[in-house]
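First the structure, in the form of structure tokens, and then the observations on it.
The values are calculated or read from the model by the stated rules, or taken from the named source; none is laboratory data. Note that the coordinates shown come from a computational prediction; the quantities given were computed from them, not determined experimentally. All Cβ positions, even for glycine, are placed from backbone atoms using ideal geometry, and neighbour counts span all protein chains on display.
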Amino acid sequence: MASSAGFAPLDAVLWAEGESRPFQLSDVVARAVKLNGGYAVAVAFETVFTEGQHPFDDLPVKANSIERRRLHTLELIRVEDDDGPWILAAMATEHPGVFHIFSGLPRTHARWQRVERWIKSAREVSRCFLNHADFTAIGDRLSEFGNVEVVRVAARVVADGSSINRGFPPRAGAMRPSHLEEIAEIEHFGAAVKTITLNVADTMLIHVRRVAGATYYSGNFKLFADQILSRLAEATALRRGLVSGRQRTSASMPTAITVSLPDPLLRTPEETGELLRLVDAMTDVTMAVFHRNPYLHFAVTDEHDGSNFDVLVTRDDAIDIYPGYRASPAALARISQRLGEQLGATTIAN
């Protein structure tokens, strides 16, 4: 149901919200459900970090018209495109430089896919790549409130690039797999989880993505905010801390950020050659190879801000990235997370 202003329910409630009463996003969602005739409204989130600026200052929003306003802890953008108006919001978290960008759209909506492209192309806005442990921790948190069942999971087998897509319809008298069971099975196949849809004791249906984001479909939104959004913010704050202040100095050698792989994928010159081709295909970096055998050593330079890194492969299941004398957090996040995403990393850490 659209409002008289042409907005979807959540957008209409957000844009009409005033400063006179305390702001709770759960109250806004409840009013949107009421406006929608009692039917649930989807809300898609992606959690990002910056070096301190607001993400909307760098997001390359493209539309027929744009209007921006502040509301409590939110920044709202009213976007007008050929199909009418809609709202994109960004909410500051308790962690400095960490924000939830969200909209009242399912992730499959063309508008939300446009938002993901804007985030990906923003130079000072960094995405966060969740480790497998983050998926486990999210499920563990939710298990305190009832049985956590996997409704659907998508994963990528790193060795051959194939996909795993599994759905589990409800069956009378039988439970669907738990998050622990399904993550263990995915790891057994040498795959990395990309997305997972969870049902929590029939009180909440949610979708969690490897590139830190989640979609609320239905149920207890406050529980979703307290247990899911807070975990995404924590993981993103940790990643922000990991890539900040790591540039090399004359007084000390840098420490590496390690991209750990699920299997020994870099055993042969042919396999390390695939890694070089992967980096060479990145359109905004340049690469220089120093050594190929017995270990791989190459340098990467970010063409946007001149950040540079030494990348070494001395083990067959890990990639070490050493920052140079210039190493911005945004550039370090991009190179480490691109490699992690393409190679199905289990962790990106010290």
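Scanning the stretch 32-48 for residues being among the small types (Gly, Ala, Ser) and either modelled with pLDDT under 90 or touching a strand residue (DSSP E or B) at 6+ places or on another chain (Cβ under 7 Å) (or both) gives a total of 3.
Of the strands (runs of 3 or more DSSP E) lying entirely inside the stretch 182-265, those carrying at least 1 residues that are within 19 Å of PHE49 (Cα to Cα) and of a type in the set (Lys, Arg) are 204-209. The sole residue among LEU261, LEU296, LEU332 that is touching a Pro at 6+ places or on another chain (Cβ under 8 Å) and buried (at least 18 other Cβ atoms within 10 Å of the Cβ) is LEU332.
For the stretch 46-65, filtered to residues that are among the β-branched types (Val, Ile, Thr) and under 18 Å from THR236 (Cα atoms), the residue that is surrounded by the most Cβ atoms within 10 Å (Cβ to Cβ) is THR47. Restricting attention to the stretch 185-221, the residues being surrounded by fewer than 18 Cβ atoms within 10 Å (Cβ to Cβ), assigned by TED's automatic domain parsing to the domain that holds VAL150 and within 21 Å of the chain's Cα centre (by Cα) number 1.
Residues in the stretch 67-102 that are of a type in the set (A, V, I, L, M, F, W, C) and in contact (Cβ under 8 Å) with a residue 60 or more places away in the chain were compared, and the one that is farthest from LEU242 (Cα to Cα) is TRP86.
Residues in the stretch 307-323 that are under 16 Å from VAL243 (Cα atoms) and of a type outside the set (Phe, Trp, Tyr): SER307, ASN308, ASP310, VAL311, ILE319, ASP320, ILE321, PRO323.
The set of residues from the stretch 277-323 being β-branched (Val, Ile, Thr) and either touching a residue at least 40 places away in the same chain (Cβ under 8 Å) or in the same structural domain as SER121 (by TED's automatic domain parsing) (or both) comprises VAL279, VAL285, VAL313, ILE319, ILE321.
For the stretch 266-287, a residue qualifies if it is surrounded by 11 or more Cβ atoms within 10 Å (Cβ to Cβ), of a type in the set (D, E, K, R) and part of a helix (DSSP H, G or I), and the qualifying residues are GLU271, GLU274, ASP280. With the checklist (1) over 23 Å from SER26 (Cβ atoms); (2) free of Cβ contacts under 8 Å to residues at least 40 places away in the same chain in hand, flag the one item ARG156 doesn't pass. Single failed check for ARG156: (2).
Is it the case, given these coordinates, that MET253 is within 25 Å of the chain's Cα centre (by Cα), at pLDDT below 85 and aliphatic (A, V, I, L, M)? No, not satisfied.
Evaluation of ARG171 against the conditions (1) more than 20 Å from the chain's Cα centre (by Cα); (2) within 19 Å of GLY344 (Cα to Cα) shows that the sole unmet condition is (2). Here ASN147 fulfils each of the conditions (1) touching a residue at least 40 places away in the same chain (Cβ under 8 Å); (2) within 29 Å of PRO329 (Cα to Cα) apart from (2). Answer yes if at least one residue in the stretch 246-255 is buried (at least 16 other Cβ atoms within 10 Å of the Cβ), of a type outside the set (Lys, Arg) and under 30 Å from PHE102 (Cα atoms), and no otherwise. Within the stretch 246-255, none of the residues are buried (at least 16 other Cβ atoms within 10 Å of the Cβ), of a type outside the set (Lys, Arg) and under 30 Å from PHE102 (Cα atoms).
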